[in-house]
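This report refers to the structure that appears directly beneath it.
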Amino acid sequence: MTAVRFTGAAIISRRVSIGTIDNPLRVAVVGSGPAGFYSAGHLLADKELAIEVDMFDRLPTPFGLVRAGVAPDHPKIKSVTRVYEKTAAKEQFRFFGNVKIGEHLSHADLERHYHAIVYAYGCETDRQLGIDGEELPGSYAATEFVAWYNGHPDYRDIEFDLSCERVAIVGNGNVAMDLARMLVLPRAELEGTDTADHAIEALASSNVKHVVVLGRRGQAQAAFTNPELRELGELTDADVIVEPFELDRHSAQSIDGEGEITPRRNVEILQEFSGRTPEGKPKQVELRFLVSPVAIRGDEKVEQIELVHNRLEHGGEGQIRAQATDEHETLDVGLVFRAVGYRGIPIDGVPFDEWKGTIPNEEGRVLDPHAQHAVPGLYVAGWVKRGPSGVIGTNKRDAQETVEHLLEDVREGRLGDPERPARAAIEELVRERQPDVVDYAGWEAIDASEKAAGEPQGRPRVKLTRIAEMVEAARAARV
Ligand SMILES: Cc1cc2nc3c(=O)[nH]c(=O)nc-3n(C[C@H](O)[C@H](O)[C@H](O)COP(=O)(O)OP(=O)(O)OC[C@H]3O[C@@H](n4cnc5c(N)ncnc54)[C@H](O)[C@@H]3O)c2cc1C
């Protein structure tokens, strides 16, 4: 139970009849990733109130990072969409794909049409390293590479120059693991996945032989999960390399996560990797610890990355910090990917915390950043609520918390009626502003055409990667 205060408008405890057959609770959910779908699912599972959910996504295709982030060689993880499909099949659910909030519709437009809005639009941009040379060609955000190999239409035309032999990945989480694997997967393994066609060709014919993953802290502070780390030791074409001296250097000054299972197992796995003799596979993935990039160098493109060696320090409140030493090292690399975190992008009119890159909230109720009051009718879920952490399932509990507060506010009479609550009114406005809107049946047509293209090749799907192609496939199903 929270002690959130509400602003003036909400104090008029109207106890109006929102949520009845005559005046169903109308909710806009912005974003169709896990957080959006779990929010919609929780709302539509309510047995007492009549509720209608309209979901908006800036892409014609739903499912957020399940489609555009999760690595293509992990197809089982993507099967979570079956749960979302059940939600989408409900009569009270509508999907408005290819509709960007902040472009086709404003926050004010949504306020005029809905009792409540749940923002669940994720963290679409990356955190920067803030070092010299970061803007050189050949230095990229992991977000760009991930979106490119997953066929996200915004990134499909980027050309990554994979002619170099060595690549550095900065970051010690699962995204870094995904990139490392994707860079060394053999053609035969790539071809069995839903990796975008343009990326299969580029990755399979790449010259990359050595991938170095750089962690600023030690082995026990790495954010890998155990299966993802273990998987690096099982790659067909690449040996995993962990220098024993790096682990020793770390344990000599060790402040490690004794007691926590995941870091403890990670340390065991890394110890086992460090004891291996390389099998002489054509490629290598090397894991380095206690190093931070201080500059990226090159005349016209990335040629080197300069690293400083770190030691560990207690930073207060149980934090373990990396502190730079005087020892430097330079690596020859042709590409640098930074995988050091994602952040949200603000939408005009919606409170935003620039520092955290999230929407300020208390347990899902959006807070007015100046007054620290809850803004009536405004909610947030998923990565844009809590930052880019946790797995897909984490968003389920997270969305449930948000929806419970939303429903509590309805029952307590804290929400008012919008100006234009009719279901047809928003549809009319959307079609006027975005004639290429794709509804759920349109997505099902895209889905069917992608699967049909994949079937003869034994692949789960061949992704459409241009918006125009997706709109066309969606339209073709209607005629
Ligand atoms: C590279 C990568 C790999 C991952 N792999 C795994 C994994 O293997 N297993 C696992 O459990 N978790 C994995 N995760 C984590 C998981 O993907 C996230 O926990 C989850 O997707 C977050 O859900 P979300 O709904 O908050 O955001 P998202 O999934 O990002 O969904 C946000 C949606 O909002 C839409 N949107 C954005 N802006 C707007 C706007 N202005 N208007 C309308 N729509 C908008 C986007 O198009 C998107 O569809 C991975 C994450 C990344 C980055």
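The values are calculated or read from the model by the stated rules, or taken from the named source; none is laboratory data. Here the structure is a predicted model, which is why all the values come from computation and not from measurement. Here the Cβ is made from the backbone with ideal geometry for all residues, glycine too, and neighbour counts use every protein chain on show.
Of everything in the stretch 125-145 that is in a strand (DSSP E or B) and away from the ligand (no atom under 15 Å from the Cβ), the residue that is surrounded by the most Cβ atoms within 10 Å (Cβ to Cβ) is 139. When restricted to residues that are acidic (Asp, Glu) and surrounded by fewer than 16 Cβ atoms within 10 Å (Cβ to Cβ), the stretch 86-114 contains 2. When the stretch 146-179 is limited to residues that are charged (D, E, K, R) and under 16 Å from the mean Cα position of the chain (by Cα), the one that is surrounded by the fewest Cβ atoms within 10 Å (Cβ to Cβ) turns out to be 154. Among the residues making up the stretch 329-345, a single one is free of Cβ contacts under 8 Å to residues at least 60 places away in the same chain and hydroxyl-bearing (Ser, Thr, Tyr): 330. Would you confirm whether any residue within the stretch 151-165 is touching a residue at least 24 places away in the same chain (Cβ under 8 Å) and among the β-branched types (Val, Ile, Thr)? No: zero hits. The residues in the stretch 217-242 that are assigned to a loop (DSSP other than H, G, I, E, B), surrounded by fewer than 23 Cβ atoms within 10 Å (Cβ to Cβ) and within 22 Å of the chain's Cα centre (by Cα) can be counted, and the count is 2.
Which members of the stretch 313-351 meet the condition of being under 30 Å from residue 30 (Cβ atoms) and acidic (Asp, Glu)?
So in the stretch 313-351, the residues under 30 Å from residue 30 (Cβ atoms) come out as 337-351.
Once the filter is applied, which keeps residues that are under 30 Å from residue 30 (Cβ atoms) and acidic (Asp, Glu), the stretch 313-351 yields only 348.
Of all residue pairs spaced 6 or more apart or on separate chains, those with beta-carbon atoms under 8 Å, a first member in the stretch 303-315 that is over 16 Å from residue 328 (Cβ atoms) and a second member that is hydroxyl-bearing (Ser, Thr, Tyr) are 312/254. Within the stretch 454-479, the residues that satisfy the criterion of being surrounded by 20 or more Cβ atoms within 10 Å (Cβ to Cβ), outside any loop (DSSP other than H, G, I, E, B) and touching a residue at least 40 places away in the same chain (Cβ under 8 Å) are 470, 471, 474. The number of residues in the stretch 327-345 being within 16 Å of the chain's Cα centre (by Cα) and assigned to a loop (DSSP other than H, G, I, E, B) comes to 5.
Could you tell me whether the stretch 73-83 includes any residue that is crowded, with 22+ Cβ neighbours inside 10 Å and either assigned to a loop (DSSP other than H, G, I, E, B) or within 13 Å of the ligand (Cβ to nearest atom) (or both)? Looking through the stretch 73-83, none of the residues is crowded, with 22+ Cβ neighbours inside 10 Å and either assigned to a loop (DSSP other than H, G, I, E, B) or within 13 Å of the ligand (Cβ to nearest atom) (or both). Reported count of residues in the stretch 301-318, each being outside any strand (DSSP E or B) and over 18 Å from residue 141 (Cα atoms), is 4. Just to verify a result, which residue in the stretch 48-72, among those that are away from the ligand (no atom under 14 Å from the Cβ) and surrounded by fewer than 21 Cβ atoms within 10 Å (Cβ to Cβ), is nearest to residue 195 (Cα to Cα)? This residue is 52.
Of all residues in the stretch 265-287, exactly one satisfies the criterion of being basic (Lys, Arg) and assigned to a strand (DSSP E or B), namely 283. Total residues in the stretch 25-47 satisfying the condition of being outside any loop (DSSP other than H, G, I, E, B) and either more than 9 Å from the ligand (Cβ to nearest atom) or more than 18 Å from residue 105 (Cα to Cα) (or both): the figure is 15. Applying the set (1) surrounded by 15 or more Cβ atoms within 10 Å (Cβ to Cβ); (2) more than 30 Å from residue 127 (Cα to Cα) to residue 404 leaves exactly one unmet item: (1).
For residue 213, the conditions (1) within 12 Å of the ligand (Cβ to nearest atom); (2) of a type outside the set (Ser, Thr, Tyr); (3) in a strand (DSSP E or B) are fulfilled apart from (1).
Being among the aliphatic types (A, V, I, L, M) and more than 9 Å from the ligand (Cβ to nearest atom) is the filter; apply it to the stretch 84-124 and report the residue that is nearest to residue 199 (Cα to Cα). It comes out as 88. Can you find even one residue in the stretch 444-453 that is farther than 19 Å from residue 78 by Cα and assigned to a helix (DSSP H, G or I)? No; the residues of the stretch 444-453 include none that is farther than 19 Å from residue 78 by Cα and assigned to a helix (DSSP H, G or I). Confirm whether residue 50 is more than 26 Å from residue 430 (Cα to Cα), of a type outside the set (Lys, Arg) and either in contact with a Ser or Thr (Cβ under 8 Å, 6 or more places away or on another chain) or in contact (Cβ under 8 Å) with a residue 24 or more places away in the chain (or both). Judged against the criteria, residue 50 is not a match. Being outside any loop (DSSP other than H, G, I, E, B), at pLDDT 95 or above and small (Gly, Ala, Ser) is the requirement here; does residue 108 meet it? The answer is yes for residue 108.
Scanning the stretch 327-344 finds one or more residues that are buried (at least 16 other Cβ atoms within 10 Å of the Cβ), more than 27 Å from residue 389 (Cα to Cα) and not β-branched (Val, Ile, Thr).
Scan the stretch 384-436 for residues that are within 16 Å of the ligand (Cβ to nearest atom) and assigned to a loop (DSSP other than H, G, I, E, B) and jot them down.
387, 388, 389, 390, 391, 392, 393, 434, 436
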